[in-house]
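The values are calculated or read from the model by the stated rules, or taken from the named source; none is laboratory data. Everything numeric in this text was worked out from a predicted model, so none of it was measured. Cβ atoms come from the backbone with ideal geometry, glycine included; neighbour counts cover every protein chain shown.
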Amino acid sequence: MLFIEYPKCSTCQRAGKWLEEHRAVFERRHIVEKNPTKEELKQWHQMSGLPLKRFFNTSGMKYKELKLKDRLPQLSEEEQYELLATDGMLVKRPLLIGEDFAIPGFKEKEWEEKIK
């Protein structure tokens, strides 16, 4: 599995610890140093089955600074992927990616169902 995190984020730290406690085999990736590409984001979005908005870090400063709450509805899906690919701080984290799933954010129950 791929665990995409921002190491200073307390939720990411909790999620990483949770994965270790559950003896999950995973690779860590720093979301700012290696921001997800547009292609990766498209693939993960499709695998997740979730609305694309769930991949945005809606509580982040960058999201608010760019006034995305008002702008997102006017952007096409393609434009949203391009925007997400410009800055890791816009992407919801942590992100857990498996062979057939992608989960933005950390909800223990969701993660538990996928790593059994």
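Going by what's in this entry, would residue 28 be described as touching a Cys at 6+ places or on another chain (Cβ under 7 Å), of a type outside the set (Asp, Glu) and within 24 Å of residue 114 (Cβ to Cβ)?
no
Could you check residue 88 against (1) free of Cβ contacts under 8 Å to residues at least 60 places away in the same chain; (2) within 15 Å of the chain's Cα centre (by Cα) and say which number it fails?
(1)
Quick one: which helices (runs of 4 or more DSSP H) sit completely within region 3-116 and have at least 3 residues that are surrounded by 14 or more Cβ atoms within 10 Å (Cβ to Cβ) and at pLDDT 95 or above?
By residue number, 10-21, 38-48, 77-84.
Picking from 19, 52, 2, which residue would you name as being in contact with a His (Cβ under 6 Å, 6 or more places away or on another chain), within 28 Å of residue 113 (Cβ to Cβ) and not charged (D, E, K, R)?
52
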